[in-house]
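*Asks:* Before I ask anything, let me first share the structure, which is written out below as structure tokens.
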Amino acid sequence: MKIIPITIPFPAAFGLGKPANCYVIKDDQTLLIDTGWDSPENRVALKKALESIDAWPPETILLTHGHIDHFGLGGYLQQLTGAEIMVHKEDAHMLDDYEEDLVRWYDKVMTDAIEGGFETDGLEDVRSKLLLASKAMLKPVSFTAFEDLKIELKGGTLKSMGVPGHTPGSVAYTIREEAFSGDAAIENTVNVEDLKQEFLSLQKLKVFKNIYPGHDRMPLSRQDIEALEAHFVDRLDDVLGACRDGATLRQIVDRMYFAMAQEQNVIKMIFPIKQTLAYLHYLEGEGAAGKKEGRWFAFRERL
């Protein structure tokens, strides 16, 4: 069995973003884990990369989660090869209608942001760019939604393992001592929806020798996962410090992400806003912080 990484760039037309790590598993079957973002350049690059390692056509495309930078090229590959696309059932709705899902996600984040002190100027520009990205993608014709997946290969049994936190349907694909984790674990930090689930998912990943992430350096080790856990704890303490005397969401985001806040770029602020909300909701669940009349208050000095 061979594991071959392929890095697919983030399309320049949509601004700055991280290249996606995709992985080919070559055995008695050829599997592709994640595809990268769809664009004319990336279509050419991925096909050429797969042909260069004798992995064309892939028989099965396994998605770690339902974000466009991980499944975007799936529809194109499926059209050319007939490959089966597989995704966890909790993220399957994103493949059904990514445009609708983007708008729903955007509206929820922006409702919280406006209540928390952010201005409405520029928000429609954000919506337009999100919708443009979704319309540019060739949608998969079909896909298989699974709850638990097992594929028997000559080199071992590949299994899915739920690692929610980044998305509800995030999975790692595991075989022997390897785990392909998508965005459940990335060096330094991860954008999360549910930090409590994220902590549990990181515990699961620590048993593997090599963790192959969806972005940045690969592979990661147990020590890297422990460093990510420590990073989250430090950030939670930072949030408690930011709302010790009471603070709006905007004041907390400005303190946590000072450099980005200085740029006054609404598009760049979407993920910091979302991440800060994830920290606040975790602290609220732990009884360490609470919200009153639009302001967040800390009930502890540290976790």
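All of the numbers you see were taken from the coordinates with simple rules; none came from a lab. It should be emphasised that the depicted structure is a prediction, and the values quoted were computed from it without experimental measurement. All Cβ positions, even for glycine, are placed from backbone atoms using ideal geometry, and neighbour counts span all protein chains on display.
*Asks:* Please state the shape class of segment 124-231: rounded when a/c is under 1.5, otherwise prolate if a/b exceeds b/c and oblate if not, all from the C-alpha gyration tensor.
*Replies:* Working: a/c = 2.07, a/b = 1.25, b/c = 1.65.
Note, shape of segment 124-231 comes out oblate.
*Asks:* Then there's this: About its Cα centre, how strong a charge dipole does segment 177-303 have in debye, to the nearest 20, once Lys and Arg get +1 and Asp and Glu get -1 at the Cβ?
*Replies:* 320
*Asks:* A further question on this structure: Of all DSSP beta bridges in the chain, what percent run antiparallel (nearest 5)? Write out the running numbers ahead of the final one.
*Replies:* On the way: 28 of 41 bridges.
Of all bridge pairs located within the chain, approximately 70 percent are antiparallel.
*Asks:* Hey, another quick one. Counting only pairs 8 or more residues apart or on different chains, how many lysine pairs in segment 119-244 have their Cα atoms under 16 Å apart?
*Replies:* On the way: 150/159; 159/204; 159/209; 196/204.
Lysine pairs meeting both conditions in segment 119-244 amount to 4.
*Asks:* Hey, another quick one. Report, to the nearest 10°, how far helix 98-115 tilts away from the longest principal axis of the Cα atoms in the chain, using its own Cα long axis and a range of 0 to 90°.
*Replies:* So the inclination is approximately 10 degrees.
*Asks:* Using the Cα centre as the reference, give the magnitude of the dipole from point charges on the C-beta atoms of the chain (Lys, Arg: +1; Asp, Glu: -1; all else neutral), rounded to the nearest 20 debye. Intermediate values should be presented prior to the final figure.
*Replies:* Values: 34 positive and 48 negative charges, 93 e Å.
With only Lys, Arg, Asp and Glu charged at Cβ, the dipole is about 440 debye.
*Asks:* Let me ask something else about it. When the convex hull of the Cα atoms of the chain is projected onto a plane and the area is averaged over all directions, what value comes out in nm²?
*Replies:* Values: hull surface 59.6 nm².
If you wrap the Cα atoms of the chain in a convex hull and average its projections, you get 14.9 nm².
*Asks:* Could you work out the relative contact order of segment 135-222? I mean the mean sequence separation of Cα pairs under 8 Å and 6+ apart, divided by the number of residues, in percent. Intermediate values should be presented prior to the final figure.
*Replies:* On the way: 161 pairs, mean separation 20.0, N = 88.
Once normalised by length, the contact order is 23 percent.
*Asks:* Still on this model: Kindly provide the helix-only [θ] at 222 nm of the chain, computed as the sum of -39,500 (n - 2.57) over DSSP H runs of four or more divided by all residues, to the nearest 500 deg cm²/dmol?
*Replies:* Values: 11 runs with 127 residues, N = 303.
Value at 222 nm, helices only: -13000 deg cm²/dmol.
*Asks:* Separate question: What's the exposure ranking of 7, 111, 60, 276, going from fewest to most Cβ atoms within 10 Å? Before the final figure, lay out the partial values.
*Replies:* Values: 7 14, 111 10, 60 17, 276 26.
Sorted ascending by nearby Cβ count, the order is 111, 7, 60, 276.
*Asks:* Going by how many other beta carbons lie within 10 Å of each one, how would you line up 215, 166, fewest first?
*Replies:* By the 10 Å Cβ count, ascending: 215, 166.
*Asks:* How far is helix 123-135 tilted, in degrees, relative to the longest principal axis of the Cα atoms in the chain, given as a value from 0 to 90 rounded to the nearest 10?
*Replies:* So the helix axis and the longest Cα principal axis differ by about 10 degrees.
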